[in-house]
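Before any comments, here is the structure.
The values are calculated or read from the model by the stated rules, or taken from the named source; none is laboratory data. Note that the structure is predicted; figures quoted are calculated from it, not measured. Glycine also receives a Cβ, built like all others from the backbone with ideal geometry; neighbour counts cover every protein chain displayed. Side chains are part of the model used for accessible areas, which takes the heavy atoms of the whole protein and leaves out ligands, DNA and RNA. Shrake-Rupley method; radii C 1.70, N 1.55, O 1.52, S 1.80 Å.
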Amino acid sequence: MRHNIVITEPQTQVTAVDTRRGPQTSSMLSSIALMLDPKRPANLRRGFRYLATLTLSSFAMTACAATQDNPGAASDGNWASYNRTLAGDRFSPLADITRENVASLVRKCEYALSEPSSFQTGPLAIDGVLYFTTPGGSFAVDAGTCKERWHITHPVPTGEGVITANRGFAYHDGVLFRGTMEGHVLAISPKDGRTLWDVQIPDAGPGVSIPMAPIAADGKVFIGNAGGDRANVTGHAYAFDAKTGKMLWRFEVVPDTPEIRATWKMPKGNPLSGGGIWTSLTYDEAAGVVYVPTGNPAPDFDGELRQGDNLYVNSVIAIGGKTGRRIAHNQVVKQDYHDWGLSGPPALFTTAGGKRVVASANKDGMLSVLDRGDLQSGLPLLYGQPTTTRKNVDVPLSRERATEFCPGMFGGNEWNGAAFSPKLNTIFVGAVDWCSRVTLTPKDAPVPKTGDIWLGIKEPMTEAMMPWSTARGWLTAYDADTGAVRWKLEAPKPVLGGVTPTAGGLVFASDLAGNFFAVDATSGRKLWNEQVGQPIGGGIITYRVGDKQLVAAAIGNGGGAWPAPVTRTSIVVYGLK
């Protein structure tokens, strides 16, 4: 596989240092030490000891009210994984940009790609450099000035039905990792873009691609393959050695065992298809468990051709990071005939009420929160809450007439999943409110050849949705313990981009109408809005360069199934005046 490298500037390191972290804790502990100084009279020490106990207890209760899992996976000033931390909560502890000053945000710089692209990347910010991807390229630019450091080109398949997307890098021990449209996994030097190793997955072939952003930890790269909407393609998760590229394990979403295959009842000769893994994973570092969201079965809409439970599609699966073996699963969407595969990375966190949960926001327009407190007992559902309009969800589809249902095949939540603020014990979800209208093909319609799209409907994919004029979006805040809606903000077009809560009391989000905005995390009141002139469906991140907090967005996603016009694809960076 050929990779062309262009280096425009020698790599330099800009170390981001957060000097604000922890001074209150240090001051408190110093004060307690003075209280308990043995030189003080015994009666005073006894009184101070009681006060110190109360102080420490209060501090511990406050600090543990709601917590990020694995917060140390990224330093405060970096954004080193697709969802910042391996646990996937997207919360940033940076607080220079606040409710009071966010209205002063201005554009600092922009890096424009040479031509418009499907731009769904979740950028990384590491030590003063932004790293991001397109289907046919990998890029490094200065995180403060947007000046290019290097870029690489990659082969991209062409032909009818090819869907091109890439959602970003993983980073681990000084190396970048990504997948390609041809089923390769690459290790890339962040210094100059050199390919360190290049491995093709064993299941590569027609219709198989790797659009997801991998994650990397404990010396391993975790990744999966897409293609579950295509005939005779199924999903797999893999672990590769981060140093050598050696495959350590391979997990089948639909294992070739009699018990699992019995859950697929299909006409003779029809290929088993589905369960692609096309969005990012999450990782519980303490437990060493990977959480995998799996996609829909195929044909997407014709459930009559694949009756049964169709295990393990449409599931959150907990997999041992060392062994690659399934520990537990929850099939969040059962007997799917709407193309409602699990589409969002499952966010891991602990609520203020002490519940260790998985928050899964998906295409069925539901936020499903699962209990991961005891994986040996499974991943039971704690609660589910709608994130968008749900209509005709139980109405059977017809071969004679078109049936409308909501959310449609491109709703309600796509490749950017739920976010969580431990400061507010609040889950934030962006959603698509756009319905489909489809008619099933005849039951004896020919099966497409291996790797071709297999929807099972008469309408072309681009005509299976209601008019674009009917599409809108939502940003909703939920109480993490109960699921109660705290506030809901309507957007003029779907909210696809990454949703990013911060310690400054803000949530950054965007929509496909080109609005990049910040809202008060407590009330949902919009405090800042920039019309960028292009639809936004990629990542929104915040990071530090020197002593400045900056915010970056990947703008210009569109084309194909998304009718929002795109004339410019770029990374834009904002900071305070």
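Summary of computed values
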{"quantity": "Separation between Cα centres of the range 90-125 and the range 128-181, rounded to whole Å", "calculated": "17"}
{"quantity": "Solvent-accessible heavy-atom area per residue, rounded to whole Å², over the range 102-576 at 1.4 Å", "calculated": "32"}
{"quantity": "Portion, in percent, of the accessible area of the chain that falls on carbon or sulfur, probe 1.4 Å", "calculated": "52"}
{"quantity": "With DNA, RNA and ligands ignored, accessible area of Leu370 (1.4 Å probe; Å², nearest 10)", "calculated": "0"}
{"quantity": "The chain: calculated mean residue ellipticity at 222 nm from DSSP helix runs of at least 4, using -39500 (n - 2.57)", "calculated": "-2000 deg cm²/dmol"}
{"quantity": "Highest average packing first - 252-259, 372-379, Cβ atoms within 10 Å", "calculated": "372-379, 252-259"}
{"quantity": "Packing rank of 270-279, 165-174, where each peptide gets the mean count of other beta carbons within 10 Å, highest leading", "calculated": "270-279, 165-174"}
{"quantity": "Extension gain (nm, one decimal) between Glu110 and Thr482, 0.36 nm per residue minus Cα-Cα", "calculated": "129.8 nm"}
{"quantity": "Folded to 0 to 90 degrees: helix 42-63 orientation relative to the chain principal axis, Cα", "calculated": "20"}
{"quantity": "Heavy atoms of Lys488 accessible to a 1.4 Å probe, total area in Å² rounded to 10", "calculated": "100"}
{"quantity": "Extended-chain gain in nm, criterion 0.36 nm per residue less alpha-carbon gap, Asp256 and Asp192", "calculated": "18.8 nm"}
{"quantity": "Partner lysines for Lys443 [C-alpha distance under 17 Å; skip if fewer than 8 residues away on the same chain]", "calculated": "Lys265, Lys268, Lys458"}
{"quantity": "Protein-only accessible surface order, largest first, of Glu463, Glu404 at 1.4 Å", "calculated": "Glu463, Glu404"}
{"quantity": "Cleavage-rule hits, trypsin sites (Lys or Arg not before Pro), the range 263-342, DSSP coil, Cβ neighbours within 10 Å at most 14", "calculated": "Lys268, Lys322, Arg325, Lys334"}
{"quantity": "Part-to-part distance (alpha-carbon centres) for the range 452-480 and the range 561-575, which is given in Å", "calculated": "20"}
{"quantity": "Asp300, Asp218, reordered so the largest accessible area comes first (probe 1.4 Å)", "calculated": "Asp218, Asp300"}
{"quantity": "The range 292-314 versus the range 496-511: alpha-carbon centroid distance in Å", "calculated": "32"}
{"quantity": "Protection proxy ranking of 426-432, 409-415, 288-294, 148-154 - average other beta-carbon atoms within 10 Å, highest first", "calculated": "426-432, 409-415, 288-294, 148-154"}
